[in-house]
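The values are calculated or read from the model by the stated rules, or taken from the named source; none is laboratory data. Note that this is a predicted model, so its numbers are computed, not measured. Every residue, glycine as well, gets a Cβ built from its backbone with ideal geometry; the counts of neighbours run over all protein chains shown. Remember, those area values only see protein heavy atoms, side chains included, never the ligands or the DNA or RNA. Shrake-Rupley method; radii C 1.70, N 1.55, O 1.52, S 1.80 Å.
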Amino acid sequence: MPEPEAPPPGASAGPALSRRKFILGVIAGGAVVSAASYRLLAPRAASRPALLGGERLLTLRVNGRLRRAEVAQQETLAWTLRYKLGLTGTKLACDRAECGSCTVLLDDVPHYACSVLTHTVRNRAVTTVEGLAAPDGKLHPLQQAVIAEQGFQCAFCMSGFLMAAAGFLKTNPNPTRTEMAHGVSGNLCRCQDYSKILDTLMHGAELMRKGAQA
Amino acid sequence: MAVVRDIMAPFDLLQPSTAAEAQRLLARYGADAWVLAGGMDSFDWLKDRIKKPAVVVDLSGVTELRGIRPWNGGLEIGAMTTLAEVANHPGVQKNFSLLADAVRHVASPQIRNQATLGGNVSQDVRCWYYRAGWPCYRAAGETCFADTPVGRNREHAIFGADRCVAVHPSDSAPALIALGAQFVLRTASGERVIEAEDYFVGPNREITRINLLQPGDLLASIRIPSDFAGARFYFEKVRDRNVWDFPLLNVASAMRVSGGVIQSVRLAVNAAAPTPLRLRRVEAAVAGKPPDASTGAMAGELAVQGAVPLQFNAFKIPLMRNLVKRAIGGVEKAVWA
Ligand SMILES: Cc1cc2nc3c(=O)[nH]c(=O)nc-3n(C[C@H](O)[C@H](O)[C@H](O)COP(=O)(O)OP(=O)(O)OC[C@H]3O[C@@H](n4cnc5c(N)ncnc54)[C@H](O)[C@@H]3O)c2cc1C
């Protein structure tokens, strides 16, 4: 059944371009997908810039240091951290904001680094699991708790959990176990070791409070 | 069905710092441009390479589109305000807790820290056939892959299907409709203010659209009038997992009760149809009645009249009946509680 092309009654006389044309145009570009097409896309429209994307030199604030890197415009922060800056503590698993293993802090707030464009965090402080320990190497209380409680099995999800917990504890330093569970509910553990993980994070929170008093 | 590929196809990332500049860029690139807010809907499209815009206009540096301010006794929420900021805002919590409650049910904490309210109401449908790039009606093709005897349609529509059977997935939308919110658009021909429920476009009107935005338009803010400030609210979302999952169904209501009867009420559900549904017939039927179990039962029955299930989603009919019943009649305490 053909779709009605006429605008519905009462629709605004907006720009002439219909959403149908827009969708067809954008989908046509995506129909042929291969690794080879990655940098060799043919220009589609007059307005398409001659050189798409490309890398730009960027200065990032990561774990308290200024780091420079050549970053593609479509590059995600997880990619930059791991493959440009060598910070492989940030894990990449689902790449779809559905598992939490890439969690880092942006200005102390947990985000999925797989779903952040690096170019959008130029003015923000990025903290990865490598930045949790003190500059003198003393482990963060959450890390101490991991050792004390033997908190993880395979530990692939660990850095994501620690960053999510570290961010959550900045807003609620004295959570109940249920609150902590909510705080790290955006992180999955493939080993299903949630009970021990929560023991660990609660212990870490306690160590943090003690440290704050000392 | 997401296919993990290396990284997104290349695009030019443009980062304006004012809304006017963003509009100029969008006007210049037209259909080649993609508006990026928090990106939680956009990145799937771009990573799967189903959509390959030449230019991405990132609104994260446009501070004027962000924040919550008093407005006419109510609130005006910039489109770029994150869901976490909405949920934690004292004014939202005090007077419009319905909205705080709704956005707290979205996805996961990390997603709420990044996803914006404007993006949440503007997001596309989640039908996997469509999202995977199949040439369905909504993608300007000639068929629906979900509405076949073997199509996976457990999550799909029981109302309003017209060739496309996908549902609108937003959790904030029904709450905003119940609160009588207004959406402020910036279009090429100037500012346009529309009622929340009129923002959404169903397949019967235009199948390849989900809302009123034309290429080049911006959603600038969402205004919440004072009408239902501090009213009696109800929000409930049913989903498979308590984190990440989209609603199988949700319901939101705002109600003023005096003298033991409902003075005024607004009621909406989502994930039942291709657009969020305001249930006007139910609103009219319950007005003047006590907000009790029998009014709730009547409301639930009325709400699902005319529902048409697909092969695998008939469960949504009793689900919607019960959610509406609770929203109007309240929730009875379990006998063992
Ligand atoms: C794993 C996962 C789970 C999810 N679960 C839920 C859920 O349970 N409930 C739910 O409601 N959502 C859910 N979502 C969807 C998503 O989180 C929300 O829709 C989010 O609020 C989108 O906002 P954003 O700012 O990230 O949007 P973006 O992806 O940046 O934008 C979404 C769309 O709106 C357009 N847009 C955004 N802002 C504007 C503007 N100001 N002007 C014009 N156009 C604009 C964009 O061009 C794009 O087309 C989920 C997403 C993921 C990835």
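Select the helices (runs of 4 or more DSSP H) contained entirely in segment B:104-158, then report the ones holding at least 2 residues which are closer than 30 Å to residue B:87 by Cα and more than 14 Å from the chain's Cα centre (by Cα). By residue number, B:109-114, B:128-131. Taken over segment A:88-101, residues that are in contact with a strand residue (DSSP E or B) (Cβ under 7 Å, 6 or more places away or on another chain) and more than 13 Å from the ligand (Cβ to nearest atom) amount to 1.
Okay, residues lined up against (1) open to solvent by 50 Å² or more (accessible area, probe 1.4 Å); (2) touching a His at 6+ places or on another chain (Cβ under 9 Å); (3) modelled with pLDDT of 95 or more; (4) more than 23 Å from residue B:121 (Cβ to Cβ):
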| site | (1), (2), (3), (4) |
| --- | --- |
| B:246 | yes, no, yes, no |
| B:262 | no, no, yes, yes |
| B:266 | no, no, yes, no |
| B:284 | yes, no, yes, yes |
| B:299 | no, no, yes, yes |
| B:308 | yes, no, yes, yes |
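Among the residues of segment B:197-219, the ones that are within 7 Å of another protein chain (Cβ to nearest Cβ) and either open to solvent by 10 Å² or more (accessible area, probe 1.4 Å) or small (Gly, Ala, Ser) (or both) come to 6 in all. Selection over segment A:167-200 of residues that are more than 14 Å from chain B (Cβ to nearest Cβ) and either acidic (Asp, Glu) or in contact with a helix residue (DSSP H, G or I) (Cβ under 7 Å, 6 or more places away or on another chain) (or both) gives a count of 9.
Taking each residue of segment B:13-34 that is open to solvent by 40 Å² or more (accessible area, probe 1.4 Å) and looking for partners that are assigned to a helix (DSSP H, G or I) and small (Gly, Ala, Ser) with beta-carbon atoms closer than 6 Å, six or more apart or interchain, yields B:15/B:61; B:17/B:61. When the residues of segment B:35-50 are filtered to those that are open to solvent by 10 Å² or more (accessible area, probe 1.4 Å) and of a type in the set (D, E, K, R), the one that is farthest from the other protein chains (Cβ to nearest Cβ) is B:41. Among residues that are out of contact with any Lys or Arg (no Cβ under 9 Å at 6 or more places or on another chain) and either part of a helix (DSSP H, G or I) or open to solvent by less than 70 Å² (accessible area, probe 1.4 Å) (or both), residue B:288 is included. The condition (being open to solvent by less than 10 Å² (accessible area, probe 1.4 Å) and within 12 Å of chain A (Cβ to nearest Cβ)) is satisfied by just one residue among B:56, B:86: B:56. When segment B:162-187 is limited to residues that are within 13 Å of the ligand (Cβ to nearest atom) and facing chain A (nearest Cβ under 10 Å), the one that is least open to solvent (accessible area, probe 1.4 Å) turns out to be B:185. Of all the residues in segment B:114-151, those that are more than 10 Å from every other protein chain (Cβ to nearest Cβ), of a type in the set (A, V, I, L, M) and within 16 Å of the ligand (Cβ to nearest atom) number 4. The sole residue among A:161, A:168, A:152, A:156 that is within 27 Å of residue A:64 (Cα to Cα), among the aromatic types (Phe, Trp, Tyr) and assigned to a loop (DSSP other than H, G, I, E, B) is A:156.
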